[in-house]
1. Enter the accessible area of Leu53 (Å², nearest 10), with the probe set to 1.4 Å and all protein chains included.
2. To the nearest 0.05, how large is the calculated FRET efficiency for Asn63 and Leu104 if R₀ is 30 Å and r is the Cβ-Cβ distance?
3. Cut-off under 20 Å on the C-alpha distance; same-chain residues fewer than 8 positions from Lys73 excluded. Which lysines are left, in chain and number order?
4. Would you mind working out the accessible area per residue for region 18-78, using a 1.4 Å probe, and quoting it in Å²?
5. Can you pull the one-decimal nm distance between simple spin-label points at Ala116 and Gln40, each 7 Å off the Cα toward Cβ?
Amino acid sequence: MFDVGLGEMAVLVVLALVIFGDKLPQVAGQAGRMLRQFRQMADSAKADLQEGLGPEFKDFDINDLNPKTFVRKHLFEDEDGTPTANGTGLFDDAPSYATTTGALPAGERPPFDNEAT
C-alpha cells in the first residue's frame, strides 16, 4: 500500500518523536483505537449491505465490485470461474477472418456482421 523504505521510516520516527515528544504513546494508542473503529465501521457497513440485499445475494462478495475483479470475472473466465484456454476469453469463437492478417484481395468486400450493428 505504502512504498516506504528504511530511510524514510527512520525519518518519520524521528519526526514523530520531535513533534509529539513524550505524548507519542498516547497518540499511537489513539491512532490504534481510531483504526479499529474504522475497521468496525467498514465491517458493519458491509454486513448492512449484505443484509439489505436479501437472501438471493447471500453469496455476494463486495470485492466483486472492484473493476479489475469484475473485468477478470466476466471477460477472462468461464461461467464456472475457471480461466479460459487461451487466457483471454475474448473472441474464442471468432470467425477465421478475424485471425488472418493482410489486405483483402481486390474486389472482395470486408466481412459484415448484421448482429453487431
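The values are calculated or read from the model by the stated rules, or taken from the named source; none is laboratory data. Quick caveat, the model's predicted, so the values are computed rather than measured. Cβ sites come from the backbone with ideal geometry, for glycine too, and all protein chains shown count toward neighbours. Keep in mind that these areas ignore ligands, DNA and RNA; they rest on the heavy atoms of the full protein, side chains included. Shrake-Rupley method; radii C 1.70, N 1.55, O 1.52, S 1.80 Å.
1. About 60 Å², ignoring ligands and nucleic acids.
2. Computed FRET efficiency for Asn63 and Leu104 comes out at 0.10.
3. Cα-Cα hits under 20 Å: Lys58.
4. Result: 88 Å² of accessible area for each residue.
5. Here the modelled spin labels are 5.6 nm apart.
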